[in-house]
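This report concerns only the one structure given below.
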Amino acid sequence: MKNNNKFRLDVWGFITLAAIALYLLFLIYPMAYLMKQSVVDSETGAITMANFAKFLSKSYYFDTLFNSFKVSIAATLLSLAIGTPLAYLFSVFKIKGKSILNILIIVASMSAPFIGAYSWILLLGRSGVVTKILKNIGITIPPIYGFAGIVLVMTLQLFPLVFLYAKGALKNIDNSLIEASENLGCSGFRCFMRVVVPLIMPTLLAAGLLVFMRSFADFGTPMLIGEGYRTFPVVLYTEFINEVSGNDGFAAAIAVIAIAVTTVVFLAQKYVSNKKSFSLNALHPMEEKNPRKGISWIVHLFSYLIVGVAVIPQCYVIYTSFKKTEGKIFTSGYSLDSYITAFGKLGKSIQNTIIIPVLALIVIVILAVVIAYLVVRRRNALTNAVDILSMIPYIVPGTVLGIALLNGFNKKPLLISGTMLIMVIALIIRRLPYTIRSSVAILQQIPMSIEEAAISLGASKMKAFFRITVPMMSAGILAGAILSWVTMISELSTAIILYTGKTKTLTVAVYTEVVRGNYGTAAALSTILTFLTVVSLLVFNRFNKGKDLSL
Amino acid sequence: MSKISIRNAVKKYGENTVIPQLNAEIKDGELFTLLGPSGCGKTTLLRMIAGFNSIEGGDILFNNTRINDMDPSKRNIGMVFQNYAIFPNLSVRDNVAFGLKNRKVGKEALKAETDKYLNLMQIMQYANRMPNQLSGGQQQRIALARALVIIPDVLLMDEPLSNLDAKLRLEMRSVIRHTQKDVGITTVYVTHDQEEAMAISDTIAVMKDGVIQHVGTPREIYQRPENVFVATFIGRTNIIEAKVEAGKIVFKDGYQVEVDALRNTEKQEVLCSIRPEEFVICKDSEAGIRGTVKEFTYLGLNTHYSIELEDGDNVEIVEESSIQEDLQPGQKVMLQVKKEKINVFNKQGDTNLVRSGLYEEQ
């Protein structure tokens, strides 16, 4: 057989080149354009560092970098501190109502973060429900706005990621490892800290990176609940809006700095996790046991409390969506007015929320399967390039990508800004790395010998791939696709840059309604969004049949 | 059915040569085993025959057709993988029928052939199940049926028994052996387990570092190994330094044994390979290598002795257990050898002097 790893211009070679071309056009070109904007003075055309100097010299801008770091690190650590023990408890103990808790955790993580932010404002804000009740009985709580609020919302939003990752990793720990540690006199909490956590450390590092990236790039939460506490994406967004009205280059410079920061964090994480990588494989995974009488109630209390707090915002939003409104103010009594307004005014956005992600999803699944195949089975310099290119969006914050696409494609011959196409492309680029990663992981678990068996039985390579490998991957791919879909329908930070009246999505609609103070309509819309999410997850569960989900 | 000729085959990974210039002839219908320690290149060679590894030099021929550049799917090979590589998304029947479908066999013939091999491998009752509901041994049977149903020219098996437990391994060993003989298919079998190789093979090729050390029947390989590596790798043996002089082996403490095959051998230092059962322990004899019993292990049928020679070397000896318990640690004994069985190698250990002598006589 010819060497599989050498580049040849066959079908797969052609696909490799096509993938590279697409990435060059839709990712590298706009990013390069953005970088050019950041260093070229638009009036004189001269190269200038003024934009960077402006950012770095004025603490008004520069401090946002620190703020973002503080917020992201705090959210990451807290998410790890909550998500990991919870995953452990879920793996070793039988907990009543666990399956419902599982779904609630996922629902909590899948909602758009800013919905959490605005719901917490309604609960704990200056005139929030809880704040008022507590005030009446003489307790004043610290303000929810600023650092604490952002961290609270982000943590509750993102700890489920850690939870899901850790739960997956815990499945791979062989029970005998735990038994061995108990046999050597290390059990309970000590065993958790000294055996379990180190074993799942590679996964925790990966989850930590994901949480950091998400919180660093999150735009909606600090925008709504941050008030004076301005983070990086907020400055980026506001400067970009300014930029449209004439101020040039500066937003681009901020975007470039944002990418630089995320790149450094990404590489640092890779460096650390490469040093700590090892693989686990459990013949006998840990079994769920009934907790001992004494600790049973603690286990249940902890689990229910955390999940409860995580879903409060969702529940409260759903509740308010059925409240009667007068103009912008909630009044007593219940009605469906908010829904009527929502469907009447913004029915189009519901449509968009279905169409845009569906289009993106089809492309993503096809590309992900094909690229995963290239990366795993056809390693060469060019497929490596595809692999690396496909990972770039992982470190590009959504807002930055939105700006890059908008700037890159707003004049002929590449005029697609304002169309639905650019929204679809943005979603594809943003979501593809995750789907590729999961497809790669699935494909790596399928031993090459299965394909070889098919080939030795007379199937061509293409046939072996499509008849044997793809069907074997399909369950995993489908599950991944549904998760991608759920993340895409709640996407805000890119859409907020790219949308026009015609391509407004639900999340954008919720955001704009919240900003305008139409809380009733916003609540109705986000309830619809939650409903879509829950239905999607139920479909996911059907296909995934009790297996773990990975993001 | 085919014979396989491997001529000057070379395998390189980059600059690293894994197999330098390997030659072998595998006869039509025989079960040919590649045996060697892990990393010796046996699986690499098998995958070169299968077409999953590229060939950097030389030729591989089925009958007289060169297959070096033939696509694996065109070689008409049946392959059984170490992990069986059963398609988990297809039922047992569809797994077995997969190769026939690729060959566009008609519907009726497809069913008849599939049934035949499902029955042959005794997995008919699982035909409509999914593979993940079956045990390792049953999956192995599917893998065999799937490989055989296409009537391949050659059957390749890559450590097919290594994932089974000891009892199933014995059972599947005889299943493979019988099936192979019934079907009469040329088979290349890879294993690192010498007992398995002895039990199953017509011919064994012992490999080390990408080089075939010895090709022969199990009996030849055990009784007349070509070099010290083969002698020590197959079965257990004691290697003892000695000299050859005038057709006699002279051991260090003066014990001499006359060996016909060494009649024309020049005077030289040699290494004797004496298997544990090739010693005779004498208590009262005058002649023999002097030794002291260090310990013994009673195993029912046999008793194993560890005996220290005068120069401090230890030898292992196996004797049929006797009714009395008469050899105790510390006892002095004389060791004689069964001279027609032992092997004598030159000092470098790469030539068997007894073997070459025998050949001269023939």
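The values are calculated or read from the model by the stated rules, or taken from the named source; none is laboratory data. Since we're looking at a predicted model, the values are computed, not measured. Cβ: placed from backbone, ideal geometry, glycine included. Neighbour counts: every protein chain shown. Please note that ligands, DNA and RNA were not included when accessible areas were found on the heavy atoms of the full protein model with its side chains. Shrake-Rupley method; radii C 1.70, N 1.55, O 1.52, S 1.80 Å.
Computed values, structure above
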| item | result |
| --- | --- |
| Matching option when the condition is in the same structural domain as A:PRO30 (by TED's automatic domain parsing), open to solvent by less than 20 Å² (accessible area, probe 1.4 Å) and assigned to a helix (DSSP H, G or I), among A:LEU478, A:LEU492, A:LEU538, A:LEU529 | A:LEU529 |
| Residue selected from the stretch A:312-330 under the condition among the hydroxyl-bearing types (Ser, Thr, Tyr) and open to solvent by less than 70 Å² (accessible area, probe 1.4 Å), by the criterion nearest to A:THR84 (Cα to Cα) | A:TYR316 |
| All helices (runs of 4 or more DSSP H) inside the stretch A:1-92 with 3 or more residues being more than 30 Å from A:SER109 (Cα to Cα), open to solvent by less than 50 Å² (accessible area, probe 1.4 Å) and more than 14 Å from chain B (Cβ to nearest Cβ) | A:11-23, A:29-39, A:50-57 |
| Exclusive hit being open to solvent by 10 Å² or more (accessible area, probe 1.4 Å) and either farther than 17 Å from B:GLY349 by Cβ or touching a Cys at 6+ places or on another chain (Cβ under 9 Å) (or both), set B:GLN194, B:GLN180, B:GLN213 | B:GLN194 |
| Pairs, first open to solvent by 10 Å² or more (accessible area, probe 1.4 Å) and of a type outside the set (A, V, I, L, M, F, W, C) in the stretch B:225-246, second at pLDDT below 90 and assigned to a helix (DSSP H, G or I), C-beta under 7 Å, six or more apart | B:GLU226/B:ARG355 |
| Total residues in the stretch B:82-102, condition more than 8 Å from every other protein chain (Cβ to nearest Cβ) and open to solvent by 50 Å² or more (accessible area, probe 1.4 Å) | 3 |
| Residue match in the stretch A:361-372 (condition: within 20 Å of A:MET35 (Cβ to Cβ) and open to solvent by 10 Å² or more (accessible area, probe 1.4 Å)) | no |
| Residues of the stretch A:396-423 that turn out to be assigned to a helix (DSSP H, G or I), buried (at least 23 other Cβ atoms within 10 Å of the Cβ) and hydrophobic (A, V, I, L, M, F, W, C), as a count | 7 |
| Top-ranked residue in the stretch A:330-378 [being basic (Lys, Arg) and either assigned to a helix (DSSP H, G or I) or touching a strand residue (DSSP E or B) at 6+ places or on another chain (Cβ under 8 Å) (or both); ranked as nearest to A:PRO433 (Cα to Cα)] | A:ARG377 |
| Given (1) open to solvent by less than 40 Å² (accessible area, probe 1.4 Å); (2) within 21 Å of the chain's Cα centre (by Cα); (3) not assigned by TED's automatic domain parsing to the domain that holds A:THR419, index of the condition A:VAL309 fails | (1) |
| Filter result (among the hydroxyl-bearing types (Ser, Thr, Tyr) and at pLDDT 80 or above) within the stretch A:267-295 | A:TYR271 |
| Verdict on B:ILE19 being surrounded by 16 or more Cβ atoms within 10 Å (Cβ to Cβ) and over 19 Å from the mean Cα position of the chain (by Cα) | no |
| Any pair with Cβ under 6 angstrom, 6 or more apart, that starts in the stretch A:460-475 at a residue that is more than 22 Å from B:MET70 (Cα to Cα) and touching a residue at least 24 places away in the same chain (Cβ under 8 Å) and ends at one that is open to solvent by less than 60 Å² (accessible area, probe 1.4 Å) and in a helix (DSSP H, G or I) | A:THR469/A:GLU451; A:MET473/A:ILE442 |
| Wholly enclosed helices (runs of 4 or more DSSP H) of the stretch B:91-198 bearing at least 1 residues farther than 16 Å from B:VAL80 by Cα | B:92-102, B:107-120, B:166-183 |
| Any helices (runs of 4 or more DSSP H) falling wholly within the stretch A:152-217 and containing at least 2 residues that are in contact with a Lys or Arg (Cβ under 7 Å, 6 or more places away or on another chain) | A:201-217 |
| Qualifying position, being buried (at least 19 other Cβ atoms within 10 Å of the Cβ), more than 21 Å from A:ARG214 (Cβ to Cβ) and free of Cβ contacts under 8 Å to residues at least 60 places away in the same chain, among A:LEU152, A:LEU124 | A:LEU124 |
| Residues being more than 12 Å from every other protein chain (Cβ to nearest Cβ) and open to solvent by 10 Å² or more (accessible area, probe 1.4 Å) - total across the stretch A:441-465 | 3 |
| Complete set of residues in the stretch B:301-325 that are more than 25 Å from the chain's Cα centre (by Cα), without any contact (Cβ under 8 Å) to a residue 40 or more places away in the chain and open to solvent by 50 Å² or more (accessible area, probe 1.4 Å) | B:LEU301, B:GLU308, B:ASN314, B:GLU320, B:SER322, B:ILE323, B:GLN324, B:GLU325 |
| Residue list for the stretch B:46-71, filter: part of a loop (DSSP other than H, G, I, E, B) and within 14 Å of B:LEU22 (Cα to Cα) | B:ILE55, B:GLU56 |
| Long-range neighbours under 6 Å by Cβ, at least six apart or interchain, first residue farther than 26 Å from B:GLU319 by Cβ within the stretch B:261-283, second in a loop (DSSP other than H, G, I, E, B) and open to solvent by 30 Å² or more (accessible area, probe 1.4 Å) | B:GLU269/B:LYS347 |
